[in-house]
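Shown next, in structure tokens, is the structure this report addresses.
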Amino acid sequence: MDRPGVAKPEEIPPGASKLVTVDGKEVALFNVEGCLYALGNRCPHRGGPLVRGRLERLPDSGAWAVRCPIHGWLFDLASGKNATGPHAGTPSYPVICRDGEVFVEPPPPG
Amino acid sequence: MDLDRVTALIESEYGFFQRERARWSLTAGPQDMELVAHALRVILHMGKAEESLPEYLALAAAQHPDGGWGRESAEKESAAWVSAFMGLMLIRGNAVLKHPVIEQSVLKAVRYFLDSQKPDGRWKDAEWGDLDTTSHPVSFFNVVLALGTEAMKAPVRPAWRKGLRFILQGQSEDGGWYDPVFHPSGVETTAHLVQDAVIASLFLPEGLPVRPACEKGLRWILNHQEAEGSWDEKNVDHTMDCTRSALLISRSLRHEVLARPTVEKAMDWIAASKNENGWPDFPGLETSLERTCDGLDTLLKYQAWCLKDPLATARRWGYVTGETAFLPAVEAKL
């Protein structure tokens, strides 16, 4: 990851979220119990900002998910898959902490 | 809220809404139909239906052969939630326009919902929870029963009753409606259901006994307001939903005194959360045109709530015949 960092780890303590921009796209960063996740910020339903969503566990797997604050679609934080039904998901990005910075890697083009 | 301030806000935001016409008008090209429905509600409540006939005819032309509409105007598959919103806008607009093409379109929409109701009374839409989805056709049928012709009303009654019973059975002991899949917190679902589906029965001769459900629903909404005036952690959409619900239910049950502190705090919060033009989904974010339509609708419903006639508020929802007059100050400026 040789692109610039998008945030400092201390800006996203456990339980917090932060909106950053990666290659011109809005990305929502979440810190859940010390693990960082990065998802496309806009819900594919009506464009709700996922960075303002509530974090909760998926009932079947227990994995962490974020609920869109507008109409309630639910997205797996690790994969971006839609857990509400057979609807579109949101992009998920690899995220790492290194040298006191948070890096988000956008998916390869195409 | 000071009514001069309400008037000024309506004036400025309606001006912005008109400048954005290319983004919501079906006469300007393909559109997101949920946004079109929100825009037509603004047109209706601004008293501009008569001069907007092309918008209504374009909506009728976009209707599918099964009587429904897609989420996008170009989409071929009908969806229940948006179709009910469209049917509602057409029947309400046609109360002013009285156009035969629109009347036929309303009849087709009625048929779509009679054909798609499930045996237990619910309607389904993959993008929305069943309670929320069902509240929309019930709302459409409420208005059919209030404003429609007898030919429309007769087939609607049994389906409407089943749909409303499905919703009433879904109310929790504490007065809220919760959707475990889409809305576990219950805020948006409760605000939608009590105003869109349940309260209309108070005004309909064939209505079900809903007063206790509405009393509990109103108290649930009032109790869930946050200290600064919003609902759901500064969620503009849900705050507008809850405010409109509190306006209609409190006026209909004559609980204005109980609701006024909540309503006034909410209106101040809504006014303060506005961008220079329009409203965002959360304070500080970019303007959403759909949220701007909701904001205008909330102001116009608040205005009706301030009128002396207690039925003026219910008229804004189409549950009582007639038009709600503008306050003189508003009418003079528009």
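The values are calculated or read from the model by the stated rules, or taken from the named source; none is laboratory data. Bear in mind that the values here come from a model prediction, so they are computed numbers and not experimental data. Cβ atoms come from the backbone with ideal geometry, glycine included; neighbour counts cover every protein chain shown. Note: areas computed on protein heavy atoms with side chains; ligands, DNA, RNA excluded. Shrake-Rupley method; radii C 1.70, N 1.55, O 1.52, S 1.80 Å.
Looking at region B:69-113, the GluC sites (Glu not before Pro) that sit in a DSSP loop and have at most 16 other Cβ atoms within 10 Å of their own Cβ are B:GLU75, B:GLU77.
Rounded to whole numbers, the Karplus 3J(HN,Hα) couplings from phi for region A:84-91 are 7, x, x, 10, 4, x, 10, x Hz, using 6.51 cos²θ - 1.76 cosθ + 1.60 with θ = phi - 60°, and x at Gly and Pro.
Here the simple spin-label model places points 7 Å from the Cα toward Cβ, and for A:GLU26 and B:SER172 these points are separated by 2.9 nm. The amide H of A:VAL32, built 1.01 Å from its N in the peptide plane, has A:GLY15, A:TYR37 as neighbours under 5 Å, considering only residues 5 or more places off or on other chains. A DSSP coil position with no more than 10 other Cβ atoms inside 10 Å describes the following trypsin sites (Lys or Arg not before Pro) in region B:227-286: B:ARG254.
The three principal axes of the Cα atoms in region B:203-334 give end-to-end lengths of 45, 37, 24 Å, sorted in falling order. Rounded to the nearest Hz, the phi-derived 3J(HN,Hα) couplings of region B:185-196 under the Karplus curve 6.51 cos²θ - 1.76 cosθ + 1.60 (θ = phi - 60°) are 6, x, 5, 5, 5, 4, 4, 5, 5, 5, 8, 7, where x marks glycine and proline. Close amide H pairs (under 5 Å, H built 1.01 Å from N) link A:GLY5 with no residue at least 5 positions away or on another chain. Counting only protein heavy atoms and a probe of 1.4 Å, the accessible surface of the protein assembly as shown is 53% carbon and sulfur. Of all aspartates and glutamates in the structure, those lying under 14 Å Cα to Cα from B:LYS124, and not within fewer than 8 positions of it along the same chain, are B:GLU77, B:ASP115, B:ASP132, B:ASP179. Convex hull of alpha carbon positions in region B:1-152: directionally averaged projected area 10.0 nm².
Along each principal axis, taking the top coordinate minus the bottom one, the Cα set of region A:61-110 gives 38, 28, 23 Å in descending order. Over the protein assembly as shown, the reciprocal of the mean inverse Cα-Cα separation, the Kirkwood hydrodynamic radius, stands at 22.6 Å.
Taken about its Cα centre, the protein assembly as shown carries a charge dipole of roughly 1180 debye when the Cβ of each Lys and Arg holds +1 and the Cβ of each Asp and Glu holds -1. Give me the base-10 log of I(q)/I(0) for region B:254-300 at each q in 0.14, 0.17, 0.21, 0.29 Å⁻¹, Debye formula, one uniform scatterer per Cα, rounded to two decimals. The calculated log intensity ratios at q = 0.14, 0.17, 0.21, 0.29 Å⁻¹ are -0.37, -0.51, -0.69, -1.03.
Using the Stokes-Einstein relation with a Kirkwood hydrodynamic radius computed over Cα pairs, the translational diffusion coefficient of region A:11-66 at 10 °C and a viscosity of 1.306 mPa s comes to 135 µm²/s. Its relative contact order, with pairs defined as Cα atoms under 8 Å and 6+ residues apart, puts chain A at 24 percent.
Kirkwood analysis of chain B, using all unique Cα-Cα pairs, places the hydrodynamic radius at 19.7 Å.
With Cα atoms as the point set, region B:87-142 shows a radius of gyration and Dmax of 12.3, 35 Å. Per the Kirkwood formula applied to alpha carbons, chain A shows a radius of gyration over Rh ratio, Rg over Rh, of 0.95.
Along region B:256-261 the Karplus relation, 6.51 cos²θ - 1.76 cosθ + 1.60 evaluated at θ = phi - 60°, assigns HN-Hα couplings of 4, 5, 4, 8, 4, x Hz to successive residues, with x for each Gly and Pro.
Of the GluC sites (Glu not before Pro) found in region A:1-101, those that fall in a DSSP loop while having at most 10 other beta-carbon atoms within 10 Å are A:GLU33. Take the Cβ-Cβ distance between B:GLU50 and B:LEU253 as r, set R0 to 51 Å, and report the resulting FRET efficiency rounded to the nearest 0.05. Calculated value: 0.95. Here the ratio of the Cα radius of gyration of region B:111-185 to 2.2 N^0.38 Å is 1.14. Among the listed pairs B:LYS98/B:LYS153; B:LYS48/B:LYS118; B:LYS76/B:LYS162, a Cα-Cα separation exceeding 25 Å is found for B:LYS48/B:LYS118; B:LYS76/B:LYS162.
The alpha carbons of region B:74-218 occupy a box of 45, 37, 27 Å along the principal axes, longest dimension given first.
Treating region B:174-228 as a set of equal point scatterers at the Cα positions, no solvent, please give the Debye-formula log₁₀ I(q)/I(0) at q = 0.14, 0.18, 0.24, 0.25 Å⁻¹. Computed log10 I(q)/I(0) values: -0.39, -0.60, -0.91, -0.96. For A:ARG54, the amide hydrogen comes within under 5 Å of the amide hydrogens of A:ARG67, counting only partners 5 or more places away or on other chains and with H modelled in the peptide plane.
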